[in-house]
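Reviewing the structure listed below.
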Amino acid sequence: MKKCKKIIWFIFDEFIKLFEMLIITFFMAVLTFTYIFHIATVKGDSMQNTLISGDKLITTAYYGSLEQGDIVIIYAGDAVTLDENGNPEIKKGLRKSLVKRVIATGGQTIDIDFDRGAVYVDGVMLDENYITGLTHMDEGAFTGQYPVEVPEGYVFVMGDNRQVSKDSRSGEIGFVAVGNITGKVLLRFSPRERFGFVE
């Protein structure tokens with residue numbers, strides 16, 4: 001009888017330990033995906049062929065400093081353009097989240113030759129092997145003002161599918177405040193056949 005009780009107590013004790021471990025694991029996962037990592041779903045064609053509509057992404061809000069080429073999630077709450085004197089002017093933005101690529105960061109100068117479809121940062125033409133079509137569309141944010149210097153604390157972003165992307169070229173987005181970047185894209189986890197790091 002004593003042996004039977006010991007076995008029952010041992011099984012019960014192991015069950016409690018397993019249950020505690022599962023609870024801790026669950027809460028760690030919840031905390032991790034609440035404060036460190038986020039899941040985002042691509043909607044639209046502005047990042048083709050790098051990202052396609054329906055792709056599911058893991059992003060992080062803790063990304064350090066941003067670099068040219070990073071793919072980020074932005075909240076286009078305000079549109080920051082330049083007035084006729086070259087001073088920042090803030091207007092109401094699209095009020096939605098978008099996924100875009102960082103083209104230039106604060107202090108860098110961006111120029112776009114819309115006739116040739118070429119993008120220059122600090123006078124150097126970018127080798128953009130990730131784009132779908134050249135950059136011919138001027139959406140009006142900085143018409144007649146290029147080249148423009150990106151203010152400190154802001155970035156200039158564009159989609160990889162330049163013909164359909166609404167991005168920093170648009171007066172509804174313009175420069176994006178670093179504080180309006182909600183995450184940097186790390187990984188595509190769905191669909192399974194496209195699983196991998198995103199560049």
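Descriptive notes on the structure:
- Segment 169-179 - residue that is in a loop (DSSP other than H, G, I, E, B) and open to solvent by less than 10 Å² (accessible area, probe 1.4 Å) and, of those, nearest to Gln48 (Cα to Cα): Arg169
- Residues in segment 21-57 that are assigned to a loop (DSSP other than H, G, I, E, B) and either open to solvent by less than 60 Å² (accessible area, probe 1.4 Å) or at pLDDT below 70 (or both): 10 in all.
- Scanning segment 121-168 for residues that are part of a strand (DSSP E or B), more than 16 Å from Leu94 (Cβ to Cβ) and without any contact (Cβ under 8 Å) to a residue 40 or more places away in the chain gives Val124, Met125.
- Residues located in segment 102-121, provided they are of a type in the set (Lys, Arg) and buried (at least 18 other Cβ atoms within 10 Å of the Cβ): none
- Considering only residues in segment 122-167 that are of a type in the set (Val, Ile, Thr) and crowded, with 19+ Cβ neighbours inside 10 Å, the one that is nearest to Leu51 (Cα to Cα) turns out to be Ile131.
- Counted residues, segment 62-86 - those being assigned to a loop (DSSP other than H, G, I, E, B) and open to solvent by 80 Å² or more (accessible area, probe 1.4 Å): 6
- Some residue of segment 58-76 being over 13 Å from the mean Cα position of the chain (by Cα) and modelled with pLDDT of 90 or more: no
- Taken together, the criteria exclude Arg101 from residues that are under 22 Å from the mean Cα position of the chain (by Cα), in a loop (DSSP other than H, G, I, E, B), closer than 30 Å to Ile36 by Cβ and among the basic types (Lys, Arg).
The values are calculated or read from the model by the stated rules, or taken from the named source; none is laboratory data. It should be emphasised that the depicted structure is a prediction, and the values quoted were computed from it without experimental measurement. Positions of Cβ are backbone-derived with ideal geometry, glycine not excepted, and every protein chain shown enters the neighbour counts. Accessible surface is based on the protein model in full, side chains and every heavy atom, while ligands, DNA and RNA are left aside. Shrake-Rupley method; radii C 1.70, N 1.55, O 1.52, S 1.80 Å.
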